[in-house]
Amino acid sequence: MHNKEPKRWDVFICHVSEDENYIIQLKEAFVREKIDVFFAKDELSWGCELHRVINDGLRDSKYGLVVLSKHFVNKCSKWTSSELSSLHSKSRLSPQDCILPIWKKDISEARWCV
């Protein structure tokens, strides 16, 4: 039996679906620079286990790029909270910083939920 090596990415993009157009442009810019990007929509297939795919992407990426935006902050989604928690745990075990925040321009309009 042939064991396939897990795919490795340079960057996992943590975002909310409302920012998808921005995220796609960001992903395409990375790809042009030969940076391997985990983008959930590219990795999901019909019938796959969403949670497992996301966890694999988090585990097998060097960095977690967190796109902070008005939508990200206002939504307080269980998915992004889970991804942030996983990235935080990973960063505590890593000798290098692995969380890279990006502040999208609309962040100043956000209502922070705590």
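Side notes on the structure shown:
- The single residue among L65, L26 that is crowded, with 20+ Cβ neighbours inside 10 Å and within 22 Å of S94 (Cα to Cα) turns out to be L65.
- Failed condition for H71, given (1) under 11 Å from the mean Cα position of the chain (by Cα); (2) part of a helix (DSSP H, G or I): (1)
- Pairs with Cβ under 9 Å, 6+ apart, first in region 83-99 and modelled with pLDDT under 85, second assigned to a helix (DSSP H, G or I) and open to solvent by 60 Å² or more (accessible area, probe 1.4 Å): K90/R59
- Where V11 falls short, out of the listed (1) touching a residue at least 40 places away in the same chain (Cβ under 8 Å); (2) of a type in the set (A, V, I, L, M); (3) open to solvent by 50 Å² or more (accessible area, probe 1.4 Å): (3)
- Every residue from region 37-66 that is assigned to a strand (DSSP E or B) and either touching an Asp or Glu at 6+ places or on another chain (Cβ under 6 Å) or polar (S, T, N, Q) (or both): S61, K62
- Selection within region 74-90 - within 14 Å of the chain's Cα centre (by Cα) and either part of a helix (DSSP H, G or I) or of a type in the set (D, E, K, R) (or both): K78, W79, T80, S81, S82, E83, L84, S85, S86, L87, H88, K90
- Residues that are at pLDDT 90 or above, open to solvent by 50 Å² or more (accessible area, probe 1.4 Å) and among the charged types (D, E, K, R) do occur in region 36-56, at least one of them.
The values are calculated or read from the model by the stated rules, or taken from the named source; none is laboratory data. The shown structure was predicted, so the numbers you read here are calculated from the model rather than taken from an experiment. All Cβ positions, even for glycine, are placed from backbone atoms using ideal geometry, and neighbour counts span all protein chains on display. Each accessible area value is taken on the protein alone, full model and side chains, heavy atoms only, with ligands, DNA and RNA left out. Shrake-Rupley method; radii C 1.70, N 1.55, O 1.52, S 1.80 Å.
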